[in-house]
Each structure stands twice: as structure tokens, then as C-alpha cells.
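This report concerns only the one structure given below.
The values are calculated or read from the model by the stated rules, or taken from the named source; none is laboratory data. All values reported here derive from a predicted model rather than from experimental measurement. Cβ atoms come from the backbone with ideal geometry, glycine included; neighbour counts cover every protein chain shown. SASA here: full protein model, heavy atoms, side chains in, ligands and nucleic acids out. Shrake-Rupley method; radii C 1.70, N 1.55, O 1.52, S 1.80 Å.
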Amino acid sequence: MIVDDHEVVRRGIAEVIDRSEGMSVVAEAGSVAEGVRRASLVHPQVMLVDLQLPDGTGIDLMRSVRATQPETRAIVLTSFDDDSALAAALEVGAAAYVLKSVRGAEIADVVRAVAAGRVLLDERTITRRRREHDDPTEDLTPSEVRVVDLIGEGLSNREIAERLSIAEKTVKNHITSLLAKMGLQRRTQVAAWVAARKHHAWAQDSTNR
């Protein structure tokens, strides 16, 4: 079963699956509610689930289906390469996490593997990714961390100085130091990093729909 609110995406995936030997699409859905209802009717062996759905997230759907059909195996298919989404998918029992940039043949291979009982997403994947994406602020002083947060809010050096009641030159010194520690070159990169950390887009977009 394919659950994605974009019909074009569903149709494309369905064509790939239906052309693959020994596999067929038994249902499609475009929302959490529709996915839960159709899963209860067709009892799919494998679900391909998008994270962003109009009435919730793919995590909500997988949790609901798992409660009544624990034998149904789930694959997250998303455009978000996000550690928090990856961890949430693991928590609700997803067997794989696939980006939409993947080739069609690879989707078929993943579905086949998951249907055969393989698990392509486990705690080691999360741990490895977190090791590869260490927090670049871990060596910052408390003052530098505060400056990072204020840069993320869009404040200028002068505004940061006023907010923290320190000299503007001190702010510049903090920024020079934190850029070196974070491996960045410009304050705009700091702002972009803060934005990426604050907003887990896969969940935010679904919540705001």
C-alpha cells in the first residue's frame, strides 16, 4: 500500500512496484485517516508511507496501523534526511527509511527486502548518523552559545551587544571564536545552521497544513 498525498508520486511508485516480479500495489491513500481505513480493509504486507500528510504524519499512520496490524511492515519514503524523523520512524517500527531521490529500481529492492523480513533501519543507523553529524556547538562557551541563538534570531552585532549588555567588540570576538569552533566562515552560515536545528520540517509542515 502506498500512502502519499501527491497522486503523481503514488502513480509513479505504483508503476515501479507493479512492474516488479512478485509484487503488486493493493491500495493507495492520501492521508492518515484514509491510510488507516484502507489498511484495515486490505491488510497490506508492506506500506510505503510519506512523512508529510494533510491530517498528520506518516509516524501517526504507522503507529495506528501497527496497533491493529502488527504484521504489516512499514517503509518511510520521504524527502527529509532528518535525524529526528529517522529516530521517530524507528520508534514506531519502520523497517526502512528511503529518500524520494532514490531510483525506482532501488525502491522495488527495498520493498522486496522488507517484505522478506529484513530490517534496513536500526539503532546502529541512528547512532552512526549522529556520530557523523556531531553537534558543532559542543565546544562553545555559554556566552558563545547565546550569541549563536541571537544570530539565529536575526539580530545584528549591535543588537546582540545591547541584548547581552556587552560591548559590540566583545560580540565580534565571540563570533570570531565560535565560527572557528563550528568550522564555519560567516555568520550567515550560523543563522542557517540555527534555522535547520530549530525546525524539523517533516513535522512542522504537517502540523501547519
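A few notes on this one:
- Search result, residues across the stretch 20-32 that are free of Cβ contacts under 8 Å to residues at least 60 places away in the same chain and either in a helix (DSSP H, G or I) or not polar (S, T, N, Q) (or both): Glu21, Val25, Val26, Ala27, Glu28, Ala29, Gly30, Val32
- Considering the stretch 154-209, the qualifying helices (runs of 4 or more DSSP H), each wholly inside and each with 3 or more residues that are modelled with pLDDT under 80, run over 187-198, 201-208.
- Pairs linking a residue in the stretch 33-50 that is assigned to a helix (DSSP H, G or I) to a residue that is among the hydroxyl-bearing types (Ser, Thr, Tyr), with Cβ atoms under 8 Å and 6 or more positions apart or on different chains, are Val36/Ser64; Ala39/Thr72; Ser40/Thr68.
- In this structure, Leu61 does not satisfy being assigned to a helix (DSSP H, G or I) and either surrounded by fewer than 16 Cβ atoms within 10 Å (Cβ to Cβ) or at pLDDT below 95 (or both).
- The number of residues in the stretch 1-58 being exposed (fewer than 15 other Cβ atoms within 10 Å of the Cβ) and among the hydroxyl-bearing types (Ser, Thr, Tyr) comes to 2.
- Number of residues in the stretch 72-90 that are at pLDDT 95 or above and farther than 15 Å from Leu120 by Cα equals 1.
- When Val102, Val119 are checked against the criterion of being at pLDDT 85 or above and over 9 Å from the mean Cα position of the chain (by Cα), a single residue qualifies: Val119.
- Candidate set: the stretch 132-153, residues that are part of a helix (DSSP H, G or I) and among the acidic types (Asp, Glu); chosen: the one surrounded by the most Cβ atoms within 10 Å (Cβ to Cβ): Glu144
- Members of the stretch 75-110 found to be in a helix (DSSP H, G or I), open to solvent by less than 40 Å² (accessible area, probe 1.4 Å) and of a type in the set (Gly, Ala, Ser), listed by number: Ser84, Ala85, Ala87, Ala88, Ala89, Gly104, Ala108
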